[in-house]
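Q: Following this message is one structure expressed as structure tokens.
What follows is calculated from the coordinates using simple rules that are stated; it is not laboratory data. This is a predicted model, so every value here is computed, not measured. No Cβ is skipped: glycine too gets one built from the backbone with ideal geometry, and neighbour counts run over all protein chains shown.
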Amino acid sequence: MLSLINDNRSHLDQHDFQFVAQSQTVYHCHHFNLFWDQTVDDALGNERGIAVRTKAAYEAASQFLNALISAMPPTTPEERLDIASSLFSAMGHGNLEFQVTPNGGKAIGYNLHYGLAWREKYGAHIKRHHPADAVAAGYVAAATEAAFGLPLGSIECNETICIAMGSERCEFEVHQSGETNPAFGVTKEDVMGVIPKSFPGLHEEHISGVAAGLRKFLADVSGDKRGLIEAFGVMVTQQWSNYYNFTVNRTLDIISEEKPDAIEVAKELFRECGHQCGFHTFGGIMLSPEWEALVEPLNGDPLQIINGSLAISRALGFGHWSLEAYEPEKLLVLRSPATYESVYRKAAYPVDDNGCCYLYQGAALAMMQLAHRVNWKEKPTLSNSLYLELRQGVPWRVEESHCVAAGNSMCRVVVE
Amino acid sequence: MRQSEMESLVSGIKQLNGVLVVVMPDCLLYSAWQRPGQAWDAEVVGAFLGELARDHEDGLDAIDGWSRVKQMTVEIEEALVVLRRSGDSFVIGFVFERGTAIGWARLQVQRTLKAIERVLEEDPDEAAVSAPAVPAPPPLPPRSAEKAQVAQPAPVVPSGAAPAAEPPMPPPLRPSAGPAERAAKPDLAPFQEPIVQPTGTGPNYGSVAPAPEAVGEEGPEEASPVNSEEEMPKGTRLIKYLDAHAPDTHAALLRVSLQTGLPLTLLRMPDSLSDDEFAQVEESVRRILGVEQLNF
């Protein structure tokens with residue numbers, strides 16, 4: 001099934017965006033994914049948070065599956081469900097078993113990324129009382145519609161049993177919604193219509209070369225028998241950027257209306273997701289044997305970490321993150337012609353005064369932390385405890401000075 | 001220091017197998033807590049850790065400008081041990097499970113140390129240790145005096161032996177004891193279970209959060225004359241409880257703010273919360289910890 005993804009994969013060279021069929025995709029680790037969903041739920045409450053996340057996943061998955069299935073020779077509903085299940089596993093989300101008809105039914109989930117990762121990270125300390133796999137729920141609804149050629153929005157799905165709540169597996173109820181909904185999300189064409197001209201940064205040749213090698217490596221990464229991608233010390237998913245973009249923008253829309261005083265707190269927590277991503281994923285990749293083989297051994301030079309992180313961000317599909325300025329211990333300035341966050345925002349929303357690149361901001365801060373506060377020569381374990389230690393007393397602040405979604409010609413963040 | 005007091009402070013810390021308070025410089029165990037099932041002898045380990053710290057301090061005395069040991073981390077096959085100096089009188093050893101992440105262990109030490117020191121300060125026995133009835137060695141000299149002494153470095157003291165040049169220390173007023181002996185001590189008040197707050201109207205969660213495992217982050221409230229957890233205003237207690245138990249502690253207060261819509265500035269002054277605001281925060285903490293009842 002990886003071949004179906006790769007056959008439909010395209011890469012926007014100058015911007016480091018990736019697409020599978022019409023859908024822009026990125027790679028994210030479980031630390032980022034869990035904190036992201038948690039922030040949505042914190043902002044909206046569990047019930048409404050699940051609803052928003054499920055809708056986001058449904059729209060993203062529907063766009064993705066329908067485009068892929070349309071690109072294939074005619075298939076039966078059963079074959080389509082098999083394809084949907086295999087794609088889900090190949091992208092690292094776990095295994096899904098469909099027991100559905102056009103009228104509904106159920107689906108079973110094994111080792112689902114969100115539920116399993118939550119259980120592994122938090123389950124020993126906290127009891128969870130609401131299901132974790134809204135991404136799978138949205139995907140099941142989209143796959144059922146796509147399999148049987150049903151109108152968009154006519155199927156709903158909700159998770160009734162979840163591994164994160166103590167069960168051995170996850171279960172989903174699938175039923176007709178009695179409605180239709182043509183919403184489809186931002187497409188590749190939409191993105192192409194809003195991206196500004198690209199540009200190089202400092203050390204461009206080196207960063208581009210490393211990014212190209214990593215991208216090639218990631219194209220061969222696929223879920224194991226459990227449907228999971230465990231690599232670089234984290235669990236990784238390939239996911240539709242529309243999922244993240246829909247959830248963050250919808251959440252902030254609601255917060256702006258209902259709890260306007262909390263808007264900056266919500267943004268800070270979305271930035272925190274980016275910081276976790278930078279620390280765990282960038283750091284994990286650079287500590288991996290693959291990095292040493294593909295790139296170079298780490299020598300403890302902070303600039304090596306900065307450049308490595310930029311290359312990784314590009315390979316993961318975050319955008320053409322480039323180095324504008326760097327002063328050891330004091331200053332880091334990144335610029336990018338766009339990010340996957342800003343192109344969505346620009347395509348889907350009117351221009352406003354605010355930057356929207358929360359991942360970009362948080363990850364830039366994490367890059368400064370990784371560069372200066374981790375002893376790479378000791379090959380540290382990037383554990384949660386080390387993370388918490390580094391999160392205390394961070395000596396830098398980050399600000400997004402320019403954003404495409406705010407009408408600027410680039411997205412630029414300053415850490416100082 | 002009562003065994004129960006120590007236990008209430010540290011027993012909730014996962015992977016922590018023991019805490020040893022050792023009187024310095026004579027390296028005798030003053031107080032200890034061991035997790036049930038631990039086979040090592042607290043007295044022996046306490047003496048060893050005290051000597052370890054003392055030997056290092058003796059060595060440091062020989063280096064111009066270097067001060068005494070503040071914290072040491074010792075990794076051995078069986079355990080990860082963090083030693084902290086506590087004033088002139090004590091070294092406190094935290095014995096963690098083998099394989100415990102060092103950063104996590106240090107964080108727990110940092111969080112717990114103040115609380116232990118506060119109990120030690122209140123302990124009448126400790127006061128006696130600080131001002132013994134029999135002559136005690138002079139207090140450690142100020143830094144300038146230490147430097148002056150460096151010109152004539154003290155001989156290295158063999159492990160296990162008291163420094164010959166120093167006057168003898170009085171025996172500790174509370175000699176160290178094994179678990180059975182400690183349990184028989186008449187002055188040990190029965191452990192008081194922290195009060196369980198009545199449940200709110202929140203969702204039907206299924207468990208009770210444990211008692212705080214760590215308290216005492218430095219902050220404005222630390223400067224208040226409040227001496228024990230029970231005497232703290234409930235707002236402060238609640239936020240300290242959250243800090244001690246929440247995952248991703250650094251983000252816990254932000255999460256409460258986002259869930260409740262209450263501004264961070266208000267949450268940082270938890271004792272000024274109105275009853276309604278306090279109830280919102282309490283519900284948010286329950287939600288974050290996934291429990292029905294808060295035991296703070």
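Q: Using θ = phi - 60° and the Karplus form 6.51 cos²θ - 1.76 cosθ + 1.60, what ³J(HN,Hα) does each residue of region B:19-28 get, whole Hz, x for Gly and Pro?
A: The phi angles translate into 10, 10, 9, 10, 6, 10, x, 8, 6, 9 Hz.
Q: Between the DSSP loop rule and a limit of at most 13 other Cβ atoms within 10 Å, which trypsin sites (Lys or Arg not before Pro) in region B:27-79 are left?
A: Details: sites: B:54, B:68, B:70; in loops: B:68, B:70.
Qualifying residues, ordered by number: B:70.
Q: On to the next question. Can you sort B:278, A:98, A:88 from fewest to most other Cβ atoms within 10 Å of each residue's own Cβ? Mind dumping the intermediate values first?
A: Values: B:278 16, A:98 22, A:88 27.
In increasing order of surrounding Cβ atoms, one gets B:278, A:98, A:88.
Q: Tell me the angle of helix A:263-277 to the major Cα principal axis of chain A, expressed in degrees between 0 and 90 and rounded to the nearest ten.
A: Rounded to the nearest ten degrees, it is 80.
Q: Taking only the Cα atoms of region A:20-176, how large is their convex hull per residue, in Å³? If you can, show how the numbers build up before the last one.
A: Details: hull volume 15.6 nm³, N = 157.
Dividing the Cα hull volume of region A:20-176 by its residues yields 100 Å³.
Q: For region A:264-416: lysine pairs with Cα atoms under 29 Å, gap of 8 or more or different chains, count?
A: Values: A:267/A:330; A:267/A:346; A:330/A:377; A:330/A:379.
Pairs that pass both the separation and distance tests number 4.
Q: Tell me the label-point distance for the pair residue A:399, residue A:220, using the 7 Å Cα-to-Cβ offset, in nm and rounded to one decimal.
A: 4.6
Q: Can I ask one more? Taking θ = phi - 60°, what integer Hz values does the Karplus form 6.51 cos²θ - 1.76 cosθ + 1.60 yield along region A:234-241, in sequence order, with x for Gly and Pro?
A: For region A:234-241, the Karplus-derived couplings read 9, 9, 10, 10, 8, 9, 6, 5 Hz, x marking Gly and Pro.
Q: Points 7 angstrom from Cα along the Cβ direction at residue B:275 and residue A:294: gap in nanometres?
A: Modelled inter-label distance: 6.1 nm.
Q: List the relative contact order of region A:189-415 as a percent without decimals, with contacts defined as Cα pairs under 8 Å and 6+ residues apart.
A: 26
Q: Residues with beta-carbon under 11 Å from that of residue A:173, excluding residue A:173: net charge, scoring Lys, Arg +1 and Asp, Glu -1?
A: -2
Q: Can you give the angle from 0 to 90° between the axis of helix A:134-148 and the longest principal axis of chain A, with both taken from C-alpha atoms, to the nearest 10?
A: The angle comes out near 50 degrees.
Q: Taking only Cα atoms, what is the 0 to 90° angle, nearest 10, from helix A:358-373's long axis to the longest principal axis of chain A?
A: 40
Q: Between region A:141-175 and region A:59-73, how far is it from one alpha carbon centroid to the other, in angstrom?
A: Using only Cα atoms to place each centre, the spacing works out to 17 Å.
Q: Moving on to the next point. Label residue A:199 and residue A:303 with points 7 Å out from Cα along Cα→Cβ: what is the distance between them in nm?
A: Those two pseudo-labels are separated by 2.1 nm.
Q: Say we join alpha carbon atoms closer than 10 Å with springs in a Gaussian network model of chain A; which of A:319, A:105, A:283 then has the biggest fluctuation?
A: A:105
Q: Quick one: which residues, 5+ away or cross-chain, put their amide H under 5 Å from the amide H of residue A:411? H built at 1.01 Å from N.
A: Here A:336, A:338, A:404 satisfy the definition.
Q: Ratio of region A:189-415's C-alpha Rg to 2.2 N^0.38 Å, to two decimals? Write down the numbers at each step before the final one.
A: Details: Rg = 17.2 Å, N = 227, 2.2 N^0.38 = 17.3 Å.
Computed over Cα atoms of region A:189-415, the ratio equals 0.99.
Q: Cα centroid distance between region A:231-268 and region A:1-47, in Å?
A: A separation of 12 Å, based on Cα centres.
Q: Next question, about the same structure. Over chain A, calculate the relative contact order: mean separation of alpha carbon pairs under 8 Å at least 6 apart, over the residue count, as a percent. Mind showing how you got there, number by number?
A: Working: 829 pairs, mean separation 80.3, N = 416.
Contact order relative to length: 19 percent.
Q: Output wanted: per-residue J couplings in Hz (rounded whole) for region A:65-81, from phi through Karplus 6.51 cos²θ - 1.76 cosθ + 1.60, θ = phi - 60°, x for Gly and Pro.
A: Residue by residue, region A:65-81 yields 5, 5, 5, 5, 5, 5, 7, 9, x, x, 9, 7, x, 5, 5, 5, 5 Hz.
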